[in-house]
Amino acid sequence: VQSNSTSATADTVTADLSDRLARIVGDKHLITGGVRLRPHLEELRGRYTSACRAVALPADAGEVAAVVQTCAAAGVSIVAQGGNTGAMGGAVARAEQVIVNLARMNRVLEVDPVNYTMRVEAGCILANVQAAAADAGRLFPLSLGAQGSCQIGGNLATNAGGINVLRYGNTRDLVLGVQAVLADGRIWDGMNSLRKNNTGYDLKNLLIGSEGTLGIITAATLKLFPAPKRRVVAVAGVASPDAALDLLGRLRDASSDRLSTFELMANIAVQSAVRHIAGQTDPLAGEHDWYALIVADGTVDGDGDAGAGLRRDMEAGLARALDDGVLRDAVIAESESQARKLILLRENIVEAQNFEGGSIKHDVSVPVAQVPEFIRRVHAAILDAMPAARAYPYGHMGDGNIHFNISQPPGMDKEKFLAQWRPMNRIVHEIAHQLGGSFSAEHGIGLTKLEEMARYKSAVELDLYRQIKRALDPHNLLNPGKVLPAASASR
Ligand code: 2HG
Ligand code: ZN
């Protein structure tokens with residue numbers, strides 16, 4: 001056991017519990033202090049501080065189960081953690097909690113190109129999962145900014161979205177089976193690899209998106225797809241979100257619905273990336289009010305020129321849109337490196353926003369057809385509330401999922417601006433709600449959206465959630481305080 005277990009107090013993990021955990025995972029794999037602790041405590045947006053002083057890194061599901069049993073016996077609750085890249089505080093832990101991090105469980109167990117499936121342990125880094133599939137000539141399509149450090153178990157636990165949802169669906173749609181450790185320490189082996197298995201309640205889909213509150217996912221069977229033969233990547237400049245919506249429909253048609261990505265970016269976001277991110281340039285000659293990043297995957301086997309055909313189809317679709325005045329300008333990548341650079345433009349606008357001072361973030365969805373109306377209304381409402389605020393909207397337009405972020409007025413005190421987080425959220429979430437949308441499209445609930453859960457979910461739905469939680473975790477040991485608002489907070 002590492003030395004600082006002697007500093008244990010009543011509100012923290014006792015030396016005795018530390019000893020037991022160290023015996024399960026090995027001294028080296030129980031972190032109780034020092035530099036190795038910090039990455040587990042720091043949270044992406046710096047909005048929360050984890051006070052936890054015990055991070056256990058089990059080697060396999062058996063060790064996860066033993067850790068859960070030991071913590072349960074001591075009445076100590078557990079926060080499951082993957083790459084700790086979540087944006088909602090779902091992996092934040094209090095002093096008296098234990099973090100179970102799955103990083104050591106990082107084996108790709110099997111890639112089966114014939115069955116179009118792979119089996120992975122929960123701690124596999126997403127980029128490594130993608131690479132293992134690619135090595136077998138297959139595609140695992142989940143793709144998001146944090147893919148170099150997020151873990152697949154965390155992707156499942158949060159039902160992560162990203163830029164390929166338009167074609168391939170959310171994480172939930174990419175999973176055939178899971179293995180999980182339950183709150184009582186039992187292991188449920190649900191590593192189904194069947195496309196059809198219509199037997200009983202769908203337990204895996206309860207665990208997916210439950211943010212570690214119903215069980216700890218330790219492995220998964222994932223769906224694979226044919227590797228794209230040719231990828232067509234384009235950036236278009238358009239005058240308005242209405243034009244972008246028109247373009248989306250046209251290109252879905254023109255490509256025979258082979259679009260995997262359709263991302264919208266406001267000019268302010270593109271220019272911010274150009275200004276602040278080394279090597280980033282505006283791919284179009286002049287500035288445009290709005291930009292769209294478009295990716296189409298040619299995966300059709302058999303016709304020999306699926307790639308060339310897709311390129312022709314996309315060119316024709318873009319040319320028609322230009323003729324019809326729907327788009328102002330467009331560029332199609334001529335090489336793999338140019339394609340990567342166009343996609344990086346979209347990824348870089350997230351980091352670029354940090355250079356603009358404080359930002360208030362949103363992750364909302366509305367029906368795709370309502371995106372332009374949503375953007376119009378939010379823009380007006382925000383400027384009404386804070387005339388010097390800078391709207392910084394971008395996002396997954398193909399999914400109706402817009403990150404309508406707000407950058408602080410230049411010169412304003414950052415903290416003063418960030419103090420407006422909740423009222424600004426309220427404005428944006430109300431408009432999304434009025435348009436039939438969601439206050440959390442892809443980032444989940446964690447700690448950040450508890451108030452919205454209480455506000456927007458019906459009493460019936462919250463009651464069912466609580467009954468499910470009680471059934472699977474009667475002693476409230478798994479990530480307590482996340483996802484479900486306190487009963488008193490509900491309407
Ligand atoms: C993205 O789409 C992520 O890049 C992050 O969901 C969005 O931080 C954000 O606002
Ligand atoms: Zn996103």
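Taken together, the values in this text are just the output of simple stated rules run on the coordinates, not laboratory data. Bear in mind the structure is a predicted one, so any value in this text is a computation, not a measurement. We place every Cβ from the backbone using ideal geometry, glycine too, and count neighbours over all the protein chains shown.
Things worth noting here:
- Under 5 Å from the amide H of M105 lie the amide H atoms of G123, each residue being 5 or more positions distant or on a separate chain, with H modelled from the backbone and absent for Pro and chain starts.
- Fraction of C-alpha pairs exceeding 12 angstrom in region 31-71: 64 percent, rounded to a whole number.
- Stretching the chain fully between D324 and E430 yields a gain of 34.6 nm (0.36 nm per residue, less the alpha carbon separation).
- The chain: relative contact order as a whole-number percent, Cα under 8 Å and 6+ apart: 14
- A crude spin-label estimate for the pair K414 and S240, with each label 7 Å from Cα along the Cβ direction, gives 3.7 nm.
- Using the Karplus relation 6.51 cos²θ - 1.76 cosθ + 1.60 with θ = phi - 60°, the per-residue 3J(HN,Hα) values for region 50-60 come to 7, 9, 4, 10, 8, 10, 9, 10, x, 8, 7 Hz, with x marking Gly and Pro.
- Taking the Kirkwood radius as Rh and the Cα radius of gyration as Rg, region 180-255 has a ratio of Rg/Rh equal to 1.21.
- Convex hull (Cα only) mean projected area of region 81-146, reported in nm² to one decimal: 5.1
- Helical content alone sets the calculated 222 nm signal of the chain at -10500 deg cm²/dmol, taking -39,500 (n - 2.57) per DSSP H segment of four or more residues and averaging over every residue.
- Sparsely packed loop sites in region 320-358 (the GluC sites (Glu not before Pro) outside DSSP H, G, I, E and B with at most 10 other Cβ atoms within 10 Å) comprise E334.
- Computed over the alpha carbons of the chain, Rg followed by Dmax gives 23.2, 73 Å.
- Relative pair counts by distance (%), Cα atoms of region 401-491, 10 Å bins: 14, 40, 29, 14, 3, 0
- Modelled this way, with points 7 Å down the Cα-to-C-beta line, the labels at A134 and R275 are 3.3 nm from one another.
- J(HN,Hα) series, region 221-231, from Karplus relation 6.51 cos²θ - 1.76 cosθ + 1.60, nearest Hz, glycine and proline x: 9, 10, 7, 10, 10, x, 5, x, 7, 8, 10
- Remark: region 36-42, residue by residue, has Karplus-estimated 3J(HN,Hα) of 5, 6, 3, x, 7, 9, 6 Hz, where x stands for each Gly or Pro and the curve is 6.51 cos²θ - 1.76 cosθ + 1.60 at θ = phi - 60°.
- Using the Cα coordinates of region 265-376, the gyration tensor eigenvalues translate into equivalent-ellipsoid semi-axes of 28, 18, 15 Å, sorted from longest to shortest.
- Normalised by 2.2 N^0.38 Å, where N counts its residues, the alpha-carbon radius of gyration of region 1-124 equals 1.12.
- Taking the average, over residues, of other Cβ atoms within 10 Å as the packing measure, peptides 439-445, 127-133, 216-222 rank 216-222, 439-445, 127-133 from highest down.
- Rounded to the nearest 10 degrees, the inclination of helix 306-323 to the longest alpha-carbon principal axis of the chain is 60 degrees.
- For region 316-468, the Cα-based Rg and Dmax, in that order, read 18.2, 57 Å.
- Rounded to the nearest 0.05, the FRET efficiency derived from the C-beta distance between D173 and L194 at R0 = 22 Å is 0.90.
- Long-range tail of P(r) for region 201-334 (Cα pairs > 19 Å, %): 59
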